[in-house]
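I have a structure I would like to understand better, so I am pasting it below and will then ask my questions one at a time.
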Amino acid sequence: MATRNTPHPTLAKRFVADRDRAHWHDESLWFIREKRDLQAHGLPEWEELRARAAQIKKHSVSNLAEYLLQFEKRATALGVTVHWANDAEEHNQIVLGILRSHGVKRVVKSKSMLTEECHLNPFLEHHGLEVVDTDLGERIVQLRNESPSHIVIPAIHIRKEEVGALFSEKLGTETGATDPKYLTEAARQHLRQKFLQADAGITGVNFAIAETGGIVVCTNEGNADLGVSLPKLHIACMGLEKIIPRVADLGVFLRLLARSATGQPITTYSSHFHGPMYDGEMHVVLLDNGRVEVAQDDDFREALNCIRCGACMNTCPVYRRSGGHSYSATVPGPIGSVLNPLKSPLEHTSLPFACSLCGSCSDVCPVQIPIHHQLYQLRSELKRQGNIKTAKSLQMWFVGMLFRRPRLYRLGGWAARWSLRCFGKLAAFRWLTIWGRQRDLPFPPRVTFRKWHNKNRPTDGGRHV
Amino acid sequence: MSNAKTKILARLAGQSDISVELPKLTGDWIQYTDPVEQFCDTAIEISACVHLANGRDDCTELINRLVCMDTAEMVCCCAADVEVASLVLSSVADPHELELLDVFIAEGKIGVAENGAIWVDDHDIAHRAALFLTQHLVLIIKSGKILNNLTEAYSSGVMDFSRFGCWISGPSKTADIEQSLVIGAHGARTLDIIVILDE
């Protein structure tokens, strides 16, 4: 039976307790959002690109079977072995099976949210393999025994002093060194050895092309490429929704991805793998793990458009101020608050409420997912399923009832103003209501809006209320 | 047919029939009055060094004068008609032997003005690892191969989708520590681009 995760507000409270850190986190992400804006505004066709991308994704998601089979056929012809997995467990067993059949002991892995979703690292380690995450941010969180707090910038929550202390302990860098350049160089030297010693490389997949049977992996560091061009074995793990019909569709997606993610015109390396390297072997694992169900859901299908750029996180006022770990999920932030409750509503009940419905996520999303509409709708779904706490339901019921009865509403308004005047902040009933806890109440106005309106309404037909 | 595949396809068969048309890719995509100049500007912005060469001989001379060549001990060149003392990549049995590679020189097939990226495939490169393992990378591109945008590139017919190929834009980089940009993450520390002006 699924258990409820620690709710977002509880974890967020811990995060904001350190005001300086919370403020710094907020600023760092906003900096990326601004870089994204510069890039987006630099292309006159930005909105047209978003529209095309959304349409291509919608088309692919509604024709998954056709494109997956085409991909399998073409990839196989190029010498790739394609595997299918229903869930995380099957996925991990397939990967382990391939690694074992090659006698692999050391694996280097580039960033893949899917393998995080499947908890592949602990699984492989449990079976005696060494797994090294090679993206710098991921290596940092791995050495700290943490999970990424952001899908593009995994260590965005960690300060350079902490990285310095960590590297000094684990990699033998100078004590007290905090210069990012020095620390990055240390990681480069450390990971070079790992690349050279590795028996196999695992990567994620940004795009899989049905037309050609190829996969595309995008990085800035070059870690994915090093990891799969030294060892002869390459395993690429992907969710079913990563499929796109035509290779030329990349002309749309690669123009959007890095601009949205980090404000770069394109990632440093966008590698197109068509078949294994000379004398090597390449496997692609296609994972469902609940994706088909979302693909069949008329209300939420578009969530599968996601290309994991992280723009919705960088712009989200809640994410920026509460940190990725407050979401207790592999994919945090706005899109995570849609995807996770869709898969396991009981575990992630609090996520659709970690949102002010400001709509900024939907505005920046390069594939036009109506994220904030979906979050709003998910709240109703959760209510329908009986997954909302009684206190919250009761408040909603009360307010709903009040809004339907004008006279009662007027009386309520009078009572509220009276108690605000007499009791001030106490009127928020913060010991009683969830709503009142984070809010201050204003001093009631001298004149109510109703009175003001009735006095100032236009004489030519303005309604008396 | 594997069990999982059967199950996934069976689940997908129940997919409600919504038809969203696959859009055309033609469009009013960005054009530059001088794509070569735009390409150079963008490449410099993303931390590459750009050099203009008048023909192949000039290109050879430019490469030999690059800063990264000064102290280079192991150099490998896979570009045709560039005379640089070089290791022959196809004679290397195992890419691990390239661990100490200082400079790698290759020729790109297409350059893209909007993002400063160069398309390199492994047609003439026996070990693609060289592109990523080298300390310094030099990419040659003919000015006539520089297009306006990515859509033009994908429809140019020049890209070979039956082998490994990669857009490379600038040297490797990371900003994973406090968003401080550091050049030289795992791949090349520097990227020199030689643009050969129309011969």
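Work out the FRET efficiency for B:ASP124 and A:ARG437 from their Cβ-Cβ distance, taking R0 = 56 Å, and round it to the nearest 0.05. Please list the in-between numbers first.
Details: r = 65 Å, r/R0 = 1.17.
With a Förster radius of 56 Å, E is 0.30.
Determine the shielding of peptide A:45-55 by partner chains: average, over its residues, the number of Cβ atoms on other chains within 10 angstrom of each Cβ.
Working: counts 6, 1, 0, 3, 3, 0, 1, 5, 1, 2, 4.
So the per-residue partner count for this stretch is 2.
Then there's this: Which of the GluC sites (Glu not before Pro) found in the range B:22-129 are loop residues per DSSP with 10 or fewer other Cβ atoms within 10 Å of their Cβ? List each step's numbers first, then the result.
Numbers: sites: B:GLU37, B:GLU45, B:GLU61, B:GLU73, B:GLU83, B:GLU97, B:GLU99, B:GLU107, B:GLU114; in loops: B:GLU73, B:GLU83, B:GLU114.
Qualifying residues, ordered by number: B:GLU73.
Across the residues of A:179-185, average count of Cβ atoms on other protein chains within 10 Å?
Counting Cβ atoms of other protein chains within 10 Å of each residue's Cβ and averaging gives 6.
What size of dipole, in debye to the nearest 20, comes out for chain A about its Cα centre when the only charges are +1 on Lys and Arg C-beta atoms and -1 on Asp and Glu C-beta atoms?
That gives chain A a dipole magnitude of about 3240 debye.
OK, next. Under 26 Å between C-alpha atoms is the cut-off here; go through the range B:1-151 and count lysine pairs that meet it, provided they're at least eight residues apart or on different chains.
So the count works out to 4.
From the helices alone, meaning DSSP H stretches of at least four residues, give me the mean residue ellipticity at 222 nm for the protein assembly as shown, per-run term -39500 (n - 2.57), in deg cm²/dmol to the nearest 500.
For the protein assembly as shown, the value works out to -12500 deg cm²/dmol.
Hey, another quick one. Can you sort A:SER356, A:SER112 from fewest to most other Cβ atoms within 10 Å of each residue's own Cβ?
Final ranking by Cβ density, sparse to dense: A:SER356, A:SER112.
Also, I was wondering about something else. Of all DSSP beta bridges located in the range B:32-197, what percent are antiparallel, nearest 5?
Antiparallel: roughly 25 percent of the beta bridges in the range B:32-197.
Largest first, please: the extent of the C-alpha atoms of the range A:111-176 along each principal axis, to the nearest Å.
On the principal axes, the range A:111-176 reaches 36, 26, 15 Å in Cα extent.
Per the Debye formula with a single identical scatterer at each Cα and no solvent contribution, what log10 I(q)/I(0) holds for chain B at q = 0.12 Å⁻¹?
These q points yield log10 I(q)/I(0) values of -0.68.
Projecting each Cα onto the charge dipole of chain A (Lys/Arg +1, Asp/Glu -1 at the beta carbon, about the Cα centre), which of A:SER112, A:ALA22, A:LEU143 comes out farthest on the positive side?
About the Cα centre, the residue reaching furthest to the positive side is A:ALA22.
Follow-up. How much FRET efficiency would the formula 1/(1 + (r/R0)^6) give for A:ARG159 and A:THR448, where r is the Cβ-Cβ distance and R0 is 45 Å, rounded to 0.05? Let's see the in-between values first.
Working: r = 49 Å, r/R0 = 1.09.
That pair, A:ARG159 with A:THR448, gives E of 0.40.
Along the Cα-to-C-beta direction of A:GLU347, a point sits 7 Å from the Cα; which residues of the range A:67-90 have their amide N less than 17 Å from that point?
From the range A:67-90, the list is A:86-90.
What distance in nm separates the simple spin-label points at B:GLU37 and A:GLU48, each placed 7 Å from Cα in the Cβ direction?
2.3
Net charge near A:PHE353, counting Lys/Arg +1 and Asp/Glu -1 over other residues with Cβ under 12 Å of its Cβ?
Computed value for this residue: +4.
In nm, give the distance between the simple-model label positions of B:ASP70 and B:VAL88, each being 7 Å from the Cα along the Cα-to-Cβ direction.
If labels sit at B:ASP70 and B:VAL88, their model points lie 3.2 nm apart.
Could you tally the net charge around B:ASP94, taking each other residue with its Cβ under 13 Å from the Cβ of B:ASP94, Lys/Arg +1 and Asp/Glu -1?
The answer is -2.
Please rank A:TYR269, A:TYR319, fewest neighbouring Cβ atoms within 10 Å first, as an exposure proxy.
Working: A:TYR269 26, A:TYR319 29.
Arranged by neighbour count, lowest to highest, A:TYR269, A:TYR319 become A:TYR269, A:TYR319.
Give me the number: length gained by fully extending A:LYS383 to A:GLN193, i.e. 0.36 nm times residue separation minus the C-alpha to C-alpha distance, one decimal in nm. All intermediate terms of the calculation are to be shown ahead of the outcome.
Values: separation 190, 0.36 × 190 = 68.40 nm, distance 5.24 nm.
The A:LYS383-A:GLN193 span can extend by a further 63.2 nm.
I'd like the distance between the alpha-carbon centres of the range A:191-245 and the range A:381-424, rounded to an integer number of Å.
53
Report ³J(HN,Hα) in whole Hz for each residue of the range B:25-32, in order, from the Karplus equation J = 6.51 cos²θ - 1.76 cosθ + 1.60 where θ = phi - 60°; Gly and Pro get x.
9, 6, x, 8, 7, 4, 10, 10
Describe numerically, in nm with one decimal, the distance between label points set 7 Å from Cα along Cα→Cβ at A:ARG463 and at A:ALA415.
My value for the distance between the label points is 2.5 nm.
What does the convex hull of the Cα atoms of the protein assembly as shown come to per residue, in Å³, rounded to a whole number?
189
Rounded to the nearest 0.05, what FRET efficiency is calculated for B:ASP81 and A:ASP179 with R0 set to 51 Å and r the Cβ-Cβ distance?
Once rounded, the FRET efficiency stands at 0.75.
Counting other beta carbons within 10 Å of each residue's own, what order do A:ASP199, B:ASP160, B:ASP198, B:ASP121 fall into, fewest first?
B:ASP198, B:ASP160, A:ASP199, B:ASP121
Another question, then. Average partner chain C-beta neighbours within 10 Å, per residue of B:154-162?
Values: counts 8, 3, 0, 0, 0, 4, 2, 10, 8.
Other-chain Cβ atoms within 10 Å of each residue's Cβ, averaged: 4.
If you average the sequence gap of Cα pairs under 8 Å that are 6 or more apart and divide by the length of the range A:16-152, what percent do you get for the contact order?
It comes to 14 percent, rounded to a whole number.
No value in this document is a laboratory result; all are computed from the given coordinates. On a predicted model such as this, the values are computed, not experimentally measured, just so you know. Don't worry about glycine lacking a Cβ; one is built from the backbone with ideal geometry, like all the others, and counts go over all protein chains shown.
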